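In what follows, a single structure is set out as structure tokens and then discussed.
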Amino acid sequence: MRAHRSEEEASVGRYSLGRVLGQGAMGIVFMAFDKAQRRNVALKTLLPQAKAKHRRALLMEAQLLRQLHHPGILPLLDMGECDNGKPFYTMPLVQGRSLEHYLTEGLLSLRQAVRILTALCDALQHAHNREIIHCDLKSGNVLITPEQETFLIDWGTSASFLAPRMEDGKRRPVYGTPLYIAPEVLAGDPPTPAADMYALGVLLYQCLTGEFPVYDDDIMTLFRKTQQANIVSPSQKAPHLTVPPKLEEICMRLLARSPHQRYSSCFDVYNDLDGWLNSFETPQTPRPRWFAPPTHAMT
């Protein structure tokens, strides 16, 4: 891949690269035009300074995405290598704004927010049924289109249930965004579906209060509070707001310090959130035809 600058044409095989859609510490996502299929796609690859472990991570992400086939998860379209040997893969290009944007700008009603969370439950259950944990569920990784479609994106830190507890003889690193990481993961336990459900609880807490359940400017203090402090209920955190008791109950269960005290599956979370929505809506919200209960017990 030739060096890409804002005013220069660059290419990766049959893909002409356009503007940068996003960039992390070691990865970068371009808008790209697929000259073979005559369509725009999103192309993810590595920055020049990326190391061998980042290459392995990108390839693992692509392999995990290949197993996921769900309307709320952008599928893998193609994968290969750039001229510089860095791997890449492509996904459909979807226009939209993040849930973080909608929450920050106050653009969602509580019912709209809960509908988005039920869509996330559905996508997460699909992944969990295939023994894949997202590991970085957060408002910035939820994409909402103008048509109100919801996509769970950025599976770069996702993990298989079968991932080793240790990597290269060392404890597996803690992946994710600090404000959303579950207490047991911070303590060194490998992630399980319960870690995704904790992050889902953080999202619901944000929807109910506009704040995080645990916060501190110092990251080590934040980690200590997450593992030790009791979470203030949403109604206490935001007494000026009307917090529905049922949603508060769901939220606090998702945020339980012990993973065994949380929901056993995202299927159950979906049912409780959907039940709250249906208390306002007649007829009942139709369940998506692709929705299915967990295929095995979750730990």
Problem set entry | Inter-probe distance in nm under a simple model that places probes 7 Å from Cα toward Cβ, at HIS260 and ASN278 | 3.1 nm
Seminar exercise, completed: So, with points 7 Å from each Cα along the Cβ direction, the ASP189-VAL94 label distance in nm works out to 3.1 nm
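Between GLN148 and TYR175, what length comes free when the chain is fully extended (0.36 nm per residue of separation minus the Cα-Cα distance, one decimal in nm)?
Extra length from GLN148 to TYR175 when fully extended: 6.8 nm.
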Exercise. So how strong a dipole does the range 97-278 carry about its Cα centre when Lys and Arg Cβ are +1 and Asp and Glu Cβ are -1, to the nearest 20 debye?
Worked result: 360 debye
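Which FRET efficiency value, to the nearest 0.05, do you get for ARG224 and ALA36 by plugging their Cβ-Cβ distance into 1/(1 + (r/R0)^6) with R0 = 51 Å? Don't skip to the answer; put the middle values down first.
Numbers: r = 52 Å, r/R0 = 1.03.
Here the calculated transfer efficiency is 0.45.
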Problem set entry | Cα→Cβ-extended label distance, 7 Å offset, between ALA52 and ASN271, nm | 4.8 nm
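Starting with the fewest neighbours, write out VAL12, VAL269 ranked by other beta-carbon atoms found within 10 Å of each beta-carbon.
Final ranking by Cβ density, sparse to dense: VAL12, VAL269.
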Seminar exercise, completed: Measuring from its Cα centre, the range 11-92 shows a charge dipole (+1 at each Lys and Arg Cβ, -1 at each Asp and Glu Cβ) which, in debye to the nearest 20, is 80 debye
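Arrange LEU99, LEU76, LEU43, LEU277 by Cβ neighbour counts within 10 Å, fewest through most, would you?
Neighbour counts put them in this order, fewest first: LEU277, LEU76, LEU99, LEU43.
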For this session: Quick one: how many lysine pairs does the chain have with C-alpha atoms less than 30 Å apart and a gap of 8 or more or different chains? Give me the count, please.
Result: 23
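Each reported figure results from applying straightforward, stated rules to the coordinates on display, with no laboratory input. All values reported here derive from a predicted model rather than from experimental measurement. Reconstructed Cβ throughout: ideal geometry from the backbone, glycine too, with neighbour counts over all protein chains shown.
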